[in-house]
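Note sheet for the following structure.
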Amino acid sequence: MRIEFAPLNVPLRRRLQTTAVVQWVFSFLALAQCCLAAFILLALSDWWMVALLYAGWLWLDWDTPTNGGRRSQWMRRWSVWEHFRDYFPLTLLKTVDLDPKKNYIFGFHPHGVLVAGAFGNFCTEATGFSRLFPGLTPHLLMLPFWFRVPFFRDYIMCGGLVSSSKSSLSYLASRPEGGNVAVVAVGGAPEALDARPGALTLQVQNRKGFIKLALKHGAQLVPVFSFGENELFDQIENPTGSPLRRLQNRLQSIMGIAMPLFHARGVFQYSFGLIPYRKPIHTIVGKPIPVVQTPSPSSEDIESLHKVYLQSLAELFEQHKRTYGLADDQHLTFI
């Protein structure tokens, strides 16, 4: 395989952008393991008392990820996230103003491999969420497993990440003062296994839990589509029914997390590696779907609202697809 090396005269701004993305990929793929190892080493060292004190704090703070988390505006405004934004680049577009007195559930599509658009737009201020949606506080939902890892949990909560458990989403959607946005990557881990350039298939047909909670708490539903999310990585072929896909599905059912075998470019060369391609990501926040609070929604209520949601999502995609380089004959497929 011919390797295409990066030129030596790359501008400093691009080097900073690449560095920002490298630390993000490291945080996503390896930081949790490093934090767990650090905690174990600390517990086995002469500093074991520090580990014991942290374990006590962890016990007292156990429910915070399901009760809105603990964000840091200072961390969300780090300049490193501006370099992260400019690497792709990443943009956030609103279609209508949102009432800060209401609570919202944003359905984010597609999941992609590493949900770069969701992180950049809703866990940082690099694309100006607070400026575009004044009075609203975004929370990106993440698998509960990650909030059990010492130190790592505190780091990710600083960006606005919270547990994706039912109780966590209910907490955000039911606040009487309003102003909360729960961002749900609806396709979840299984959809990541199909994330590759050109993919327009969304796993959403049987995803109705967020619909039920929206009805139960009267939270407004907002479809969000991120153009370019699936263009960041290539993935080893894993068609449904293949041995690799069966293994990935098995691991996902056991561990709760997806294991896509993805690749893109490297730091000093463009031929292979785990750094995403420089492809633009345009995240479009659609119009809210009015939801009438129904404390005990029936199956018919859930199904009806789910159909409205899918129609709104398809309309959002069709309205903007030409702007971002897609052809007239390209459409979303719901499975």
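The values are calculated or read from the model by the stated rules, or taken from the named source; none is laboratory data. Keep in mind that this is a model prediction, so the values were computed, not measured. Don't worry about glycine lacking a Cβ; one is built from the backbone with ideal geometry, like all the others, and counts go over all protein chains shown. Accessible surface areas use protein heavy atoms only, side chains included; no ligands, DNA or RNA. Shrake-Rupley method; radii C 1.70, N 1.55, O 1.52, S 1.80 Å.
Legend: distances between Cα atoms for Lys166/Lys279; Lys166/Lys321; Lys94/Lys307; Lys102/Lys279; Lys101/Lys279; pairs beyond 30 Å are Lys166/Lys279; Lys166/Lys321; Lys102/Lys279; Lys101/Lys279. In the frame of its principal axes, region 65-192 has Cα extents of 35, 34, 31 Å, reported largest first. Peptide packing for 24-32, 64-72 was compared via the average number of neighbouring C-beta atoms within 10 Å per residue; ordered from the highest value, the list is 64-72, 24-32.
So if I place +1 on the C-beta of Lys and Arg and -1 on the C-beta of Asp and Glu, and nothing else carries charge, what would the dipole magnitude of region 12-324 be about its Cα centre? I want it in debye, nearest 20. Walk me through the intermediate numbers first.
On the way: 31 positive and 21 negative charges, 69 e Å.
So the magnitude is around 340 debye.
Looking only at Leu247, Leu93, Leu140, which one moves most when the chain is put into a Gaussian network model with springs between Cα atoms under 10 Å? Evaluated over the chain, the most mobile residue of the options is Leu247. Which of rounded, prolate, oblate describes region 218-320, given a ≥ b ≥ c as roots of the alpha-carbon gyration tensor eigenvalues and a/c under 1.5 marking rounded, otherwise prolate only if a/b is larger than b/c? Judged from the Cα gyration tensor, region 218-320 comes out oblate (a/c at least 1.5, b/c at or above a/b). Computed with every protein chain present, the accessible area of Thr294 is close to 40 Å² [probe 1.4 Å]. Compare Gly218, Gly198, Gly56 in a GNM of the chain, Cα atoms joined below 10 Å, and give the one with the largest fluctuation. So, out of Gly218, Gly198, Gly56, the one fluctuating most is Gly56. For region 12-324, the share of DSSP beta bridges that are antiparallel, to the nearest 5, is 25%.
Projecting the Cα atoms of Trp57, Phe262, Val96 onto the charge dipole of the chain, computed from C-beta unit charges around the Cα centre, puts Trp57 farthest toward the positive end. Per residue, the accessible area of the chain comes to 48 Å², computed with a 1.4 Å probe over protein heavy atoms only. Share of carbon and sulfur in the accessible area of region 12-324 stands at 62%, probe radius 1.4 Å.
Per residue, what volume in Å³ does the Cα convex hull of the chain take up?
Working: hull volume 56.5 nm³, N = 335.
Roughly 169 Å³ of hull volume per residue.
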